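The structure under discussion appears below in the form of structure tokens.
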Amino acid sequence: MSNRTAVVILNWNTRNFLELFLPDVLKHSSTDADIFVVDNASTDDSVNFIEYNYPSIKIIRHSENEGFAGGYNKALSQINAEYFVLLNSDVEVTENWLSPLIELMDKKSEVGACQPKILSFNSKNFFEYAGGAGGYIDKYGYPFCRGRIFNSLEKDNHQYDDSRPVFWATGACMIIRSSVYKELGGFDPVFFAHMEEIDLCWRMHLAGFSVYYCALSIVFHIGGGTLHKSNPKKTFLNFRNNLLMIYKNAESSDIKSILLVRFILDVIASIKFLFSGSLADFKAVWAARRAFNILKSQYQGPFSTTKPVSSKTGFFIYPKSILWDYYICRRKKFSSLQWKEASNMPFEATVRKQ
């Protein structure tokens, strides 16, 4: 008999991570969940390794690399479960990582998605870049986390041990209600990879659901296992997808002014890349803007720029520029942000009760 929960690991040529982390996933998850590995047309021996060593793991094969967004969309349409747990192959789970996530989702029916505390595998006393203790964005669409603002990572001194609503949950380790995933159409496949989970969480808020951080669940993430942060393709995807996310989800009356400011900031970012000797990243920024302009005028995906319902998402969006606070005001920690709502947001008024 199948479990209510499916842990789904998307793999693309990461046999080294599977060999390292699958044993703990099975040890600490198999009683609560069915385990799936979705192979995105890997060219290494990932699938043979799993079949030989872990016959209990269910394998879904894709004939081509569908990216994070398309890969999960295609795979999850084939899995019957109440909760999907999206887990990167480079994540080390802990003994009691899964049950607190399931318990939170069971207790709060308005929650669409939830993430655990994400710590660094290589520096286990510090938060990890991709998710930290829950994600937010600023008024211009720049993402940051409790525990991480840009490249400044905080030490985990239990300052974020409060489970609470956040703006976005990381795709590195996210539990999501399958009914919500299906209702919203899943990830936007146009994104391919990077920021698709922030886009999906934004759409959850607009549809009246909430997104949570669960401090009782802890995992350790390596990060950069598929594309290193210095890879120009990652620069391209981050810049293009961030602009597309804003265009799709921001208040219609604000989009024009936000995109104007973003143009200026993208010019500055590209010049910074150029003067730091990264011509490839300079080109990637402008390629991303060109691609966004094409998508903006021709976008025919399953998602509309029309907002589903009115929702007070502003409570979750930092009303200032995180760039200004970080680089000019030197505010490197979430707790140093001048944001009174950061510790006292009227969350429950913003969510849809089912």
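The values are calculated or read from the model by the stated rules, or taken from the named source; none is laboratory data. Since the model is a prediction, treat every value here as computed from it, not as a measurement. Because the Cβ atoms are built from the backbone with ideal geometry, glycine has one as well, and the counts that use them run over all protein chains shown. Keep in mind that these areas ignore ligands, DNA and RNA; they rest on the heavy atoms of the full protein, side chains included. Shrake-Rupley method; radii C 1.70, N 1.55, O 1.52, S 1.80 Å.
For this structure, a couple of remarks:
- Rounded to the nearest 20 debye, dipole of the range 203-277 from Cβ charges on Lys, Arg, Asp, Glu: 240 debye
- Spatially, the range 141-163 and the range 64-79 are offset by 29 Å when compared through their Cα centroids.
- Summing Lys and Arg as +1 and Asp and Glu as -1 over all other residues whose Cβ lies under 10 Å from the Cβ of Leu10 gives a net charge of -2.
- Dipole moment magnitude, nearest 20 debye, the chain about Cα centre, only Lys, Arg, Asp, Glu C-beta charged: 1420 debye
- Length-normalised contact order for the range 227-284 - Cα pairs under 8 Å, 6+ apart - percent: 40 percent
- Max mean-square fluctuation residue, GNM over the chain, Cα-Cα springs under 10 Å, options Trp324, Trp202, Trp286: Trp324
- Residue pairs, from the table Lys248/Lys333; Lys74/Lys234; Lys139/Lys248; Lys74/Lys139, whose Cα atoms sit over 24 Å apart: Lys248/Lys333; Lys74/Lys139
- Solvent-accessible area per residue, Å², over the chain with all protein chains present [probe radius 1.4 Å]: 44 Å²
- Debye log10 I(q)/I(0) at q = 0.13, 0.14 Å⁻¹ for the chain, Cα point scatterers: -1.03, -1.22
- Adding -39500 (n - 2.57) for every DSSP H run of four residues or longer, then dividing by how many residues the chain holds, sets the calculated 222 nm ellipticity at -11000 deg cm²/dmol.
- Shown for the chain: the carbon plus sulfur share of the solvent-accessible area, taken with all protein chains present and a 1.4 angstrom probe, equals 54%.
- Other residues lying with their Cβ under 11 Å from the Cβ of Arg331 contribute a combined charge of +3, Lys and Arg counting +1, Asp and Glu -1.
- Restricting attention to the chain, close to 45% of DSSP beta bridges with both partner residues there are antiparallel.
- Among Tyr327, Tyr212, Tyr142, the sequence by solvent-accessible area, most first, with a 1.4 Å probe is Tyr327, Tyr142, Tyr212.
- Long-range HN-HN contacts of Val38 with modeled amide H, under 5 Å: Ile9, Leu10, Asn11, Ile60
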